[in-house]
Amino acid sequence: MIRILIDSASDIEQEEAQNMGLSMIPMEIGFGAEIFSDGVNLSHKQFFEKLIESDTLPKTSQINEYRWGEAFERMTKKGDQVIAITISSKLSGTFACAQKAAKRFAGQVFAVDSLNAAAGERILGEYALRLLQEGRDAEAIIEKLDEKKRKIQVLAVVDTLKYLRKGGRISGVAALAGEMLSVKPVVSVVGGEVKLVGKAIGSKRSNNLLMQLVEKCGGIDFSMPYALMYSGLSDEYLKKYLHDSARLWETHVDDPSKIPTHLIGSTIGTHIGPNAVGVAFFAK
C-alpha cells in the first residue's frame, strides 16, 4: 500500500486530511511562549484571530528530521510505502529534514519537494491522490509529481504590506508609502521562492492584474486540480475577486460556489496577513 503524507504548509488541516485519504504532519507555530501544532490544535481561523490581536509576528518552525522519522516509522510499520510532499526547499529546511529521515527507510519512503506552499502544495497533493487512485506505483507517482509540479502557478493579491514589513521582507518606508497609496502587491511562487510580480492601486485593479497574470501563464488547466485561497476571518475579498474575474471561470464552472476554496494557514498567513486572495493551478 502507498500512503501520501503532506505537511501543514499545504494549508490542509488534520481532519480534512483524513477525509481526503492522506496523512498530514503539522508545522509548529509559536505565539510568544505558546506553541501550537498548525491545523491540529490551532485551526486556520484561530490562527488569524491570534495574528490580528498580536503585536509581534508569530514564529513558525520547520519539521525536523526526528519528527519526520517518527512519522515514517509509524506509517511503514505494516510494510507500506510513503510519499512525503513538503513545502518548497527554498522557503524552509523541512524538505532537507524529510530527505535525511527518508534515507533510513530506503525503498519505502520518498520525499518530494513541492517547490511550493499553501494551495500550490495542496493541489500537488491532490494530484498525487489522483495518481494513486489510478493504480500507479510509487516510482511512477513521483516521476509525474516531479514533472507536473513545475507547471504549478500560485498568484496572490496581498491586502497590506504591514506583515511583509514585520517579517523583514520589505522596508518600513516602502510599507508606509504602499499603505498610504493603497498599493496592493501581487506575489507569486517562482522557482520555489515568493516573488513580487506586480502591484496595483485599489482592489479592482489588483484583481484585474491577477486575472491578466493568470492568462499570461497560459491559463488554467481545468483537467487538473486547482483552488482559490484567501486569508483572514472573512471571505469578502474573495467574493469580490470572483466577481471581478468572472470570465476566467464562466466557460469552465457552472456554479462559482463549486470552485474549490481554502483558508490560508499559519505558514504563509504569518507573512501575508489577512484579506489576501489567491489562485493556484496547473498552467496549460
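Where a number appears in this text, it was derived from the coordinates with a stated rule and is not lab data. Quantities reported herein were computed from a predicted structural model and do not represent experimental measurements. We place every Cβ from the backbone using ideal geometry, glycine too, and count neighbours over all the protein chains shown.
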*residue 130-residue 212 pseudo-label distance in nm [points 7 Å out on the Cα-to-Cβ vector]*: 3.0 nm
*Which pairs break 30 Å Cα to Cα here: 148/204; 100/199; 90/258; 90/162?*
148/204; 100/199; 90/258
*Based on DSSP H runs of at least 4 residues, each adding -39500 (n - 2.57), what is the mean residue ellipticity at 222 nm of the chain after dividing by all its residues, to the nearest 500 deg cm²/dmol?*
-11500 deg cm²/dmol
*In the Gaussian network model of the chain, springs joining C-alpha atoms below 10 Å, which of 50, 258, 199 carries the largest mean-square fluctuation?*
258
*Quick one: among 137, 146, 255, which has the greatest mean-square fluctuation in a GNM of the chain with alpha-carbon springs under 10 angstrom?*
255
*Run through every distinct alpha carbon pair of the stretch 2-149 and return the Kirkwood hydrodynamic radius in angstroms, one decimal place.*
15.6 Å
*Along the charge dipole of the stretch 201-284, which of 208, 279, 237 sits closest to the positive end, that is, farthest toward it, with unit charges on the beta carbon of Lys, Arg, Asp and Glu (+1, +1, -1, -1)?*
208
*Using amide H atoms built 1.01 Å from N in the peptide plane, name the residues 5+ places from residue 84, or on other chains, whose amide H lies under 5 Å from its own.*
5, 110, 111, 112
_Restricting the stretch 52-151 to trypsin sites (Lys or Arg not before Pro) in coil, as DSSP defines it, with at most 14 other Cβ within 10 Å_ = 77, 78
_A 22 angstrom limit on the alpha carbon distance is what I want to check against. Which of 149/284; 149/195; 151/184 exceed it?_
151/184
*Which residue fluctuates the most in the chain, going by a Gaussian network model with Cα springs under 10 Å, if the choices are 87, 201, 142?*
201
*Could you please state, rounded to a whole Å, how far the C-alpha centre of the stretch 126-159 is from the C-alpha centre of the stretch 62-90?*
18 Å
